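Here's the structure, in structure tokens; my notes come after.
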Amino acid sequence: MARLIEQFERLPGIGPRSAQRLALYLLRQPEEQSQAFAEALLAARQLVGQCQRCGHLSAESHCNICVNQERNIGIICVVADSRDLLAIERTREFKGNYHVLGGLISPMDGVGPETLLIQALIKRLDPEVVQEVILALTPSVEGDTTSLYLARLLRPFCKVTRIAYGLPMGSELEFADEITLARALEGRRTFE
Ligand code: ZN
């Protein structure tokens, strides 16, 4: 029991009381349910990898967004991770493609540009195809550092914009509501 509670406590946003509640709930359910839960977790772990093009989570070599012919390949929205991508998808406003960096530049944590999926992004910037890159990174020191770095690097290839910040400083993209996020996208500006 203690081991199970401990595992739940490690999840983001789950405190000791919620962990206990979840563990007790699961133990009261039929055994098949625990079996299904454990199997789904292990299967996801084994099957889900990274899209070879954009870095989003995917069970196939290319994710469902990259293979979708109806999406505009001329616009690439750059996000820090798959959670942010999913937050923007929830707005249903963006019809372009994405690129998932896998983090933000943070010298304090030893994360330099070389550890992020930046070279792969540059390779995608065929000037015949890509007209715009939208930087949709969280408004934070790390987000701003990464945006600045990318803007300088990408400007020779295409137009670089960033989402407008009605978002408060330090706020996580994934927690922004759909309307705020849709507005931030719509009000994007050319990176100065
Ligand atoms: Zn992809």
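What follows draws every value from the coordinates through simple rules; no lab data is involved. On a predicted model such as this, the values are computed, not experimentally measured, just so you know. Neighbour counts are summed over all protein chains in view; Cβ atoms, including those assigned to glycine, are modelled from backbone coordinates with ideal geometry.
Brief remarks follow.
- Taking 0.36 nm per residue of separation and subtracting the Cα-Cα distance, full extension of the segment from E186 to Q7 would add 60.4 nm.
- Database remark: amide H of G96 closer than 5 angstrom to the amide H of N72 (H placed geometrically; neighbours at sequence offset of 5 or more, or on other chains; Pro and chain starts carry no H).
- Considering every alpha-carbon pair of region 105-171, the percent of pairs per 5 Å bin, from zero through the bin containing the longest distance, is 3, 16, 25, 24, 17, 11, 3, 0.
- Beta bridges assigned by DSSP with both partners in the chain are antiparallel in approximately 30 percent of cases.
- With each label modelled as a point 7 angstrom along the Cα→C-beta vector, the L86-N64 pair spans 1.2 nm.
- Relative contact order for the chain: 16 percent, from Cα pairs under 8 Å spaced at least 6 residues apart, divided by residue count.
- L26-F175 FRET efficiency (beta carbon distance; Förster radius 25 Å; 0.05 resolution): 0.40
- Region 2-47 shape via C-alpha gyration tensor axes, a/c threshold 1.5: oblate
- Cα-based helix-to-principal-axis angle, 141-154 vs the chain, degrees rounded to 10: 40
- FRET efficiency for the pair L57 and R124, taken as 1/(1 + (r/R0)^6) with r the Cβ-Cβ distance and R0 = 22 Å, rounds to 0.75.
- Residue order, fewest to most surrounding Cβ atoms within 10 angstrom, among K123, K159: K123, K159
- Shape call, region 38-186: gyration tensor on alpha carbons, a/c limit 1.5: rounded
- Between 0 and 90°, nearest 10: helix 31-47 axis offset from the chain longest Cα axis: 30
- With respect to the chain, whose longest principal axis is taken over its alpha-carbon atoms, helix 16-28 is tilted by about 60°.
- Efficiency of FRET between S18 and S106 - r from beta-carbon atoms, R0 35 angstrom, step 0.05: 0.75
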